[in-house]
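First the structure, in the form of structure tokens, and then the observations on it.
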Amino acid sequence: YQENEWGLAFIDVSTGEFTVFQTPVLDILLTELSRIRPSELLLPLDLVSKHKHWLGYFITSRDRVTFDQVSVLTERFPNQKTILQDLSAAAKAASCLWQYLGDNIPGLDPSHIFEIRTYRQDQWMLLDQWTRRNLELTEPLRGQGRKGTLMSVLDLTKTAFGGRLLKRWIEQPLVCEKLINERLDTIQDLTNNAFLRSDLSKQLTNVYDLERLLGRVSYGNTNARDLLAIKNTLKTIPFIRELIDISETTSLKRYVASLQGLDELAQNLENSLNPDSPSSVKEGGIIKTGFSPQIDELRSISSGGKEWLARLESTEKERTGIRSLKVGYNKVFGYYIEVTHANSHLIPDDYIRKQTLANAERFITPELKVFEQKILEAEDKLIQLEYDLFIQLREEVRNHAKHILEMAKALAEIDVFVSLAEVAVRNNYTRPLIKKDGTVKIIEGRHPVVENMLPGGTFVPNDTVLSFNNHLALITGPNMAGKSTYMRQVALIVLMAHIGSFVPAQKASISVVDHIFTRVGASDDLASGQSTFMVEMKEVSYILNHVTDNSLVILDEVGRGTATFDGLSIAWAIAEYLGKEGKIKPKTLFATHYHELTQLEESIPGIFNLHVSVREHGEEIIFLYKIVQGRADRSYGIQVARLAGLPPTLIAKAKILLHQFEQSQLDKLEQQKNTPIAQLTIFDTPEVHPLLKEIETLPIEDITPRQALQYLFDLRDRIKSYDK
């Protein structure tokens, strides 16, 4: 941190990705940290003490001097000196990180790290940690794996680096209309060419993880199988290149240049490496027969020894008359002739005892000793020569590392585009229209994840229209009716459009959104002593402090974590704050059980009511999962409790109590409404004002929020009447 700027640098040594980022806003930096989720965090000593920001990270403190030695970095990356000077705080973070790698990873030769990637937050949509969690973009809210996430729906990639790139796209949606449309153009081309999609997908299954393989080459811990994987990938490239060349999909032709120039390396690896190479590089068997005459000669000597030993064993059996005689070898004692104790009287004089066993003796002869020396020398030379040739091949690959990484980047993008196009065709997605008029218009939108989990054609689609003049929708309706699914689906459709993907809708017109914010569900933070309601309020605070006119906000049941009137008051105030004319007016979906909020439609332009349709059949309710105009008049809480399986006697009791509470409060409110307020004069000095006494006896805990608000309205009218 320096001069009101926060600098961040992060590196993945396995792939060579080295990135720096700078921002004046700490919250944005923390958002990036939550996205990256580093395994270790390097901090200056003076920042470590501010532990509340870094909870959950493994922290290593470093002296400030390691952050100031930027020259170490500019010497290694001279072409990026200007960029590092412009991002001075980020450059210092990168300097510390680079030195830390050199000091703490023995044997690391970061030759596959060729550049420092930079980015600005305004290049991508801001997604805070709560939004990524609530929308289940790459991780589910519950459990492990990817099931139930957006990633699980969109990921049909065939390569490891393609999957990593798709994850990055999902977590960093674009906000540039031009770049979004470029991606959409490519996907549209691929959706129109089923044969090209299929052929590319088949070829990509033969592509290995070039980024990670080059990382192993850089570490020096690679083996022949890694080089074979690189070779097999490079041998696939000409087929991919040809598919793109002969196709009419012009948007992919920009990758052809990156897919050229490595055919010679592929052929050299093909000619030299044994396809059945062992995992160890110091056991031989790496180099293919016919590649090196010297290796072939040594290998002939080594393999010919087996025939010589067989002849020796046959000869010695004839010479000694010992039919059970064996010639063998082990790594400890070398070559030997083994004779059982029962035949010890037949042992010739020229046999030299080498080892005694429980039931046999092992011997060596001068002839066998000479042979052993010759074979062992040949095998040692063979293994060393194969290893030396392997090192030469590894260095040849290392010399082409930059080109291979460029190829990997091109293949990753091709893989992602093929995946997104295939998903679009399979799931009947449509191309969104990207605009800048501040509107979000979705016709028959669907939740991409929920739809995938339901039988085909059973998901109920819904429309959404948010504009600058009608920007805040208050959504009411019973639990389990689909409010949360609807709001999340709108957010996911907007996000998918910004990553350049087709979307699950009949038609969609999406204005560029800078942030997506969500406040969904209930959770606490016991580690820092924060209650569920405190966590909720912190999330809402973050939203209100960072929201803009171009943001999309999802609020689900705000205020439910505290007392009824407190929660209603807070929810009301938040809705007013987001809806007041002349202030920031983000596109907002606000689901609530506080039906009193629906009155805001009448007083604040831009706020309108939606509700989820249900159909009543006697005491039964049927969820229609359809979002329609207007407000809901009931919450159907008891009916939902019955559907959840609560005991019938409990449900019956709840119905009786609900009727009693409603009737009791209506009677009390009617009585209070008809009770005149005594006229007071300056000479009257009662101990308790009648109005205060009335309020004091009001059974607050027994009345509903709607009844409470109605009472307040009546009370206000009575006070005005009294004042007159």
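Since every read-out is calculated from the coordinates, none of them should be taken as a lab result. Here the structure is a predicted model, which means the values were calculated and not measured. No Cβ is skipped: glycine too gets one built from the backbone with ideal geometry, and neighbour counts run over all protein chains shown.
Taking the inverse of the average 1/r across all pairs of different Cα atoms in region 472-518, what Kirkwood radius in Å do you get? Please report the intermediate quantities before stating the final value.
Numbers: mean 1/r = 0.0828 Å⁻¹.
For region 472-518, the Kirkwood estimate is 12.1 Å.
In nm, give the distance between the simple-model label positions of N470 and R716, each being 7 Å from the Cα along the Cα-to-Cβ direction.
Each label point is offset 7 Å from its Cα along the Cβ direction, giving 2.7 nm.
Per the Debye formula with a single identical scatterer at each Cα and no solvent contribution, what log10 I(q)/I(0) holds for region 108-180 at q = 0.17, 0.20, 0.28 Å⁻¹?
-0.82, -0.99, -1.26
Going out from 0 in 5 Å bins, what whole percent of all Cα-Cα distances in region 155-199 drops into each bin?
5, 19, 18, 27, 22, 8, 1
If amide hydrogens are placed 1.01 Å from N in the peptide plane, which non-local residues have theirs closer than 5 Å to the one on R519?
Answer set, sorted by chain and number: I554, L555, D556.
Residues of region 258-288 with the amide nitrogen closer than 20 Å to a label point 7 Å from the Cα of D388, along Cα-to-Cβ, please.
Of the residues in region 258-288, 269, 272-274, 281-288 have backbone N under 20 Å from the label point off D388.
Could you give the nm distance between label points at D63 and Y329, where each point is 7 Å from its Cα heading toward the beta carbon?
Those two pseudo-labels are separated by 5.7 nm.
Whole-Hz Karplus ³J(HN,Hα) for region 391-403, in order, using 6.51 cos²θ - 1.76 cosθ + 1.60 and θ = phi - 60°, x for Gly and Pro?
4, 4, 5, 4, 5, 5, 5, 4, 5, 9, 4, 4, 5
Once the Cβ-Cβ distance between L433 and S292 is put in as r, and R0 is 45 Å, what FRET efficiency do you end up with, to the nearest 0.05? Could the numbers behind the result be given before it?
Values: r = 62 Å, r/R0 = 1.37.
The value I calculate is 0.15.
Would you kindly derive the ³J(HN,Hα) couplings of region 220-227 from the backbone phi angles with the Karplus curve 6.51 cos²θ - 1.76 cosθ + 1.60 (θ = phi - 60°), listing them in order in whole Hz, with x for Gly and Pro?
x, 10, 7, 10, 5, 5, 5, 5
Using the basic label-point model (7 angstrom from Cα toward the beta carbon), what is the D185 to L376 distance in nanometres?
With each label placed 7 Å out from Cα toward Cβ, I get 7.0 nm.
Placing +1 at every Lys and Arg Cβ and -1 at every Asp and Glu Cβ, with all other atoms neutral, what dipole size does region 1-101 have around its Cα centre, in debye to the nearest 20?
Values: 9 positive and 12 negative charges, 34 e Å.
In debye, rounded to 20, region 1-101 gives about 160.
In region 241-330, which GluC sites (Glu not before Pro) fall in coil by DSSP and have 12 or fewer other Cβ atoms within 10 Å?
Loop-located and lightly packed - E248, E283.
Taking the alpha-carbon distance from K583 and a cut-off under 12 Å, which aspartates and glutamates remain once sequence neighbours fewer than 8 residues away in the same chain are dropped?
The reachable aspartates and glutamates, counting only those whose Cα sits under 12 Å from K583, are D549.
If you take the beta carbon distance between V628 and L30 as r and set R0 to 30 Å, what does 1/(1 + (r/R0)^6) give as a FRET efficiency, to the nearest 0.05?
On the way: r = 40 Å, r/R0 = 1.33.
Working from the Cβ atoms, E equals 0.15.
For region 390-495, which chymotrypsin sites (Phe, Trp or Tyr not before Pro) are both in a DSSP coil and crowded by at most 16 other Cβ atoms within 10 Å?
Numbers: sites: F390, F417, Y429, F459, F468, Y486; in loops: Y429, F459, F468.
Within region 390-495, the qualifying chymotrypsin sites (Phe, Trp or Tyr not before Pro) (loop, at most 16 other Cβ atoms within 10 Å) are F468.
For region 312-410, place one equal point scatterer on every Cα, skip the solvent, and apply the Debye formula. What is log10 of I(q)/I(0) at q = 0.13 Å⁻¹?
Scattering profile of region 312-410, log10 relative to I(0): -0.59.
Select from region 62-152 those trypsin sites (Lys or Arg not before Pro) which occupy a DSSP coil region and have at most 10 other Cβ atoms within 10 Å, ordered by residue number.
Here the trypsin sites (Lys or Arg not before Pro) that fit, given the DSSP loop and packing criteria, are R120, R142.
Take the alpha carbon gyration tensor of region 129-239, find the square roots of its eigenvalues, order them as a ≥ b ≥ c, and report rounded if a/c is under 1.5; if not, report prolate when a/b exceeds b/c, else oblate.
Details: a/c = 2.02, a/b = 1.29, b/c = 1.57.
Note, shape of region 129-239 comes out oblate.
Working out 0.36 nm times the residue gap between S569 and T74, then minus their Cα-Cα distance, what length gain in nm do you get to one decimal? Don't jump to the answer; show the numbers that get you there.
Working: separation 495, 0.36 × 495 = 178.20 nm, distance 5.61 nm.
Working it through step by step, the gained length comes to 172.6 nm.
Assign unit charges at the C-beta atoms only (+1 for Lys and Arg, -1 for Asp and Glu), then state the dipole size of region 321-425 relative to its Cα centre in Debye, rounded to the nearest 20. Write down the numbers at each step before the final one.
Numbers: 13 positive and 17 negative charges, 102 e Å.
With Lys and Arg at +1 and Asp and Glu at -1, about 500 debye.
Here are some pairs, K158/K235; K202/K402; K202/K409; K178/K202; K436/K507; K147/K409; which of them have Cα atoms lying more than 20 Å apart in this structure? Please report the intermediate quantities before stating the final value.
Values: K158/K235 17 Å; K202/K402 26 Å; K202/K409 18 Å; K178/K202 31 Å; K436/K507 17 Å; K147/K409 27 Å.
From K158/K235; K202/K402; K202/K409; K178/K202; K436/K507; K147/K409, over 20 Å: K202/K402; K178/K202; K147/K409.
Considering only the other residues whose Cβ falls under 15 Å of the Cβ of S39, what net charge follows from Lys and Arg at +1 and Asp and Glu at -1?
-1
What list of ³J(HN,Hα) values in whole Hz, one per residue of region 259-266 in order, does the Karplus curve 6.51 cos²θ - 1.76 cosθ + 1.60 (θ = phi - 60°) give from phi, with Gly and Pro shown as x?
9, 10, x, 10, 5, 5, 4, 4
To two decimal places, what compactness ratio does region 1-149 give when its Cα radius of gyration is scaled by 2.2 N^0.38 Å? It would help to have the intermediate numbers written out before the result.
Details: Rg = 16.1 Å, N = 149, 2.2 N^0.38 = 14.7 Å.
With N residues counted in region 1-149, Rg over 2.2 N^0.38 Å equals 1.09.
Whole number please: convex hull volume per residue, Cα atoms of region 407-508, in Å³. Mind dumping the intermediate values first?
Details: hull volume 11.5 nm³, N = 102.
Considering the Cα atoms of region 407-508, their hull volume per residue is 113 Å³.
If you take the charge dipole of region 222-362 about its Cα centre, with +1 on Lys and Arg Cβ and -1 on Asp and Glu Cβ, which of S247, T222, N274 is farthest toward its positive end?
T222
Net charge near A424: determine it from the other residues with C-beta under 11 Å of the C-beta of A424, scoring Lys and Arg +1 and Asp and Glu -1. Spell out each step's value before the answer.
Numbers: positive: R197, R426, R431; negative: E422.
With Lys, Arg at +1 and Asp, Glu at -1, the net is +2.
Need one number for region 255-343: average projected area of the convex hull over its C-alpha atoms, nm².
Working: hull surface 36.4 nm².
For region 255-343, the mean projected area of the Cα convex hull comes to 9.1 nm².
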